[in-house]
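Structure, as structure tokens:
The values are calculated or read from the model by the stated rules, or taken from the named source; none is laboratory data. If you're wondering where the values come from, they're calculated on a predicted model, not measured in any experiment. Every residue, glycine as well, gets a Cβ built from its backbone with ideal geometry; the counts of neighbours run over all protein chains shown. What goes into the accessible areas is simple: the full protein's heavy atoms, side chains included, and nothing from ligands, DNA or RNA. Shrake-Rupley method; radii C 1.70, N 1.55, O 1.52, S 1.80 Å.
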Amino acid sequence: MKHSKMKLLISLCLAIVMCLPILLAVGCDLGGTNDTGNGDTTTQQTGSSSTTNSGTGNKEEEEKALREKIGKFYDAVVESQTHLDIAADTIYNYWYEAIYKDKYAGSIDLAIAFALADCEEDIDFVKTNETTIQSLYKDVRDSKLKNEIREVMSAYGDYYEFVINVSGSFKSYSENKETYKKALATSLKHLSLEL
């Protein structure tokens with residue numbers, strides 16, 4: 001009886017894991033299409049208003065508009081950081097439980113799949129927000145704060161890849177998780193001090 005319940009649980013888990021990539025692909029495809037359209041519209045509107053401001057030659061208005069864009073860039077990265085932290089911690093915890101507490105039938109792949117499924121909203125938010133961050137980065141990367149902005153973007157890119165594309169061993173994951181978190185937090189702090 002106990003053995004058949006375990007088989008049933010493992011079969012159910014495997015079925016969920018097999019369906020997960022399909023759901024993620026469909027969700028990402030739908031979300032990406034809508035967000036790209038909105039992102040392009042924002043970029044076009046922003047670009048035309050910048051041209052208008054440049055035409056008038058009003059430096060103060062241009063500086064104020066650029067500061068607002070930098071502030072939006074900062075806020076967008078902070079929002080994604082919050083969701084990346086949740087996902088990274090969840091993946092770490094599930095992975096740890098699979099290895100040391102024999103949960104998820106001791107399967108690391110199953111543990112990571114469950115972690116990604118439980119963090120689906122966070123990961124979807126980050127992927128959607130990526131379009132906004134990239135668009136804002138293009139507008140502010142050559143500003144007076146370009147060094148701080150590039151530092152933020154580099155740290156964000158590393159952390160994003162680390163969380164979204166899970167790979168390596170548990171040891172490397174646990175060592176790198178805090179390194180990437182701290183690097184992004186530090187770069188955001190440096191940018192916030194200049195705002």
Practice prompt. Go through region 59-78 and give me each residue that's touching a Ser or Thr at 6+ places or on another chain (Cβ under 8 Å) and loosely packed, with under 15 Cβ neighbours inside 10 Å.
Written response: Glu62
Worksheet item: In this structure, is Val126 of a type outside the set (Phe, Trp, Tyr) and either touching a Ser or Thr at 6+ places or on another chain (Cβ under 9 Å) or within 21 Å of Glu62 (Cα to Cα) (or both)?
Response: yes
Worksheet entry | Residue list for region 145-158, restricted to those being over 16 Å from Glu79 (Cα atoms), free of Cβ contacts under 8 Å to residues at least 12 places away in the same chain and surrounded by 13 or more Cβ atoms within 10 Å (Cβ to Cβ) | Arg150
Discussion item. For region 82-98, which positions are within 14 Å of the chain's Cα centre (by Cα), more than 17 Å from Met153 (Cα to Cα) and open to solvent by 40 Å² or more (accessible area, probe 1.4 Å)?
Written reply: Ile86, Asp89
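Conditions tested, residue by residue: (1) open to solvent by less than 60 Å² (accessible area, probe 1.4 Å); (2) over 28 Å from Glu63 (Cα atoms).
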{"residue": "Ser80", "(1), (2)": "yes, no"}
{"residue": "Tyr100", "(1), (2)": "no, yes"}
{"residue": "Asp109", "(1), (2)": "no, yes"}
{"residue": "Tyr180", "(1), (2)": "no, yes"}
{"residue": "Thr186", "(1), (2)": "no, no"}
{"residue": "His190", "(1), (2)": "no, no"}
{"residue": "Leu195", "(1), (2)": "no, no"}
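Looking at the structure I just gave you, is Ala105 in contact (Cβ under 8 Å) with a residue 40 or more places away in the chain and open to solvent by less than 40 Å² (accessible area, probe 1.4 Å)? I'd like the intermediate steps shown before the answer.
Details: in contact (Cβ under 8 Å) with a residue 40 or more places away in the chain: yes; open to solvent by less than 40 Å² (accessible area, probe 1.4 Å): no.
For Ala105, the condition - in contact (Cβ under 8 Å) with a residue 40 or more places away in the chain and open to solvent by less than 40 Å² (accessible area, probe 1.4 Å) - is not met.
Out of all the residues in region 159-178, which are open to solvent by less than 50 Å² (accessible area, probe 1.4 Å), of a type outside the set (Phe, Trp, Tyr) and under 16 Å from the mean Cα position of the chain (by Cα)?
The initial filter retains those residues of region 159-178 that are open to solvent by less than 50 Å² (accessible area, probe 1.4 Å), namely 159-160, 162-164, 166, 170, 172-174, 177.
Imposing the further condition that a residue be of a type outside the set (Phe, Trp, Tyr) reduces the set to 163-164, 166, 172, 174, 177.
Within region 159-178, Val163, Ile164, Val166, Lys177 meet the criteria.
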